[in-house]
1. I need the calculated FRET efficiency for the pair Arg170 and Val124, taking r as the beta carbon distance and R₀ as 35 Å, to the nearest 0.05.
2. Would you grab the residues whose amide H sits under 5 Å from the one on Ser89? Only those 5+ places off in sequence or on another chain, please, with H modelled 1.01 Å from N.
3. Which whole-Hz couplings ³J(HN,Hα) result when phi for each residue of the stretch 132-141 is put into the Karplus expression 6.51 cos²θ - 1.76 cosθ + 1.60, θ = phi - 60°, listed in order with x for Gly and Pro?
4. Before anything else, pin down the relative contact order of the stretch 32-108: Cα pairs under 8 Å, at least 6 apart, normalised by residue count, whole percent.
5. Convert each backbone phi in the stretch 50-65 into a coupling constant with the Karplus relation 6.51 cos²θ - 1.76 cosθ + 1.60 (shift: θ = phi - 60°), then list the ³J(HN,Hα) values in order as whole Hz, x for Gly and Pro.
6. For Thr96, what is the net charge nearby, where nearby means another residue's Cβ is under 12 Å from its Cβ and Lys, Arg count +1, Asp, Glu -1?
7. Could you calculate the contour length gain from Ala75 to Thr35, that is, 0.36 nm times the residue separation minus the distance between their Cα atoms, to one decimal place in nm?
8. For the stretch 21-172, what ratio Rg/Rh do Cα atoms give with a Kirkwood hydrodynamic radius?
Amino acid sequence: MRSIPWAVAVVMTSGLLGCGDTQPSIYRVAIDRLTVQNLPGSCYTSGQAPSPIPDTASNVVNQEQWVIWKGLEDAMYLEPGDTSYNLGSAASVNITGDAIQGAKQDDNYEFTTERVRTESANEVYTTSATYTIEDLSDTLKGTLRLNSRCTGTDCGNTPSCEVTLNFAGRKIDADRNIDFGSSSSGG
């Protein structure tokens, strides 16, 4: 009879400490590579990709590690890491910072970051990345939409560009706070 109250206390304590679905989840993610092969011609000043394409590869993805967690109320956070996407002749999309705040939209989770860089009153570059996660469980599936545009009379021939990349991943069992570089010596 003593074990039942103890088991209930363990379950209650675990719930109060935030174990379960509220802890950050780490995902190993395979994301489509962004190459000359899959950039539309609109991303180039000439209106078409270089021809012939100087270097091609097939059946290769980029591997990333993302952390996703639920914040207060309905807020969600995604840590995709610092990364940059070259969009041909358009301005590159650079993702920096610790995390992107998002929320559940209908049945998906959406995280959007936007950067506005003003070179002058007549040359403003706006880039954005929108992560849409359709499946957020032990697996991860969705799309990353990258957008780049320049507004103003001084943009010259800088094209606008939009590209969508697919990604898929799996939750990994790891603690993101483990420090593999530290060692302790016994006395």
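Bear in mind these aren't lab numbers, they're just calculated from the coordinates by the rules spelled out. Remember, it's a predicted structure, so these values are computed and weren't measured experimentally. Neighbour counts run over all protein chains shown; Cβ positions are idealised from the backbone, glycine included.
1. Details: r = 40 Å, r/R0 = 1.13.
Efficiency, rounded to the nearest 0.05: 0.30.
2. Tyr44, Thr45
3. After applying 6.51 cos²θ - 1.76 cosθ + 1.60, I find 10, 9, 8, 10, 10, 9, 5, 10, 9, 8 Hz.
4. Normalised by residue count, the contact order of the stretch 32-108 is 26 percent.
5. x, 9, x, 6, x, 8, 10, 8, 10, 6, 10, 10, 8, 9, 9, 10
6. -2
7. Separation in residues times 0.36 nm, less the Cα-Cα distance, equals 11.1 nm.
8. On the way: Rg = 16.8 Å, Rh = 16.6 Å.
Rg/Rh: 1.01.
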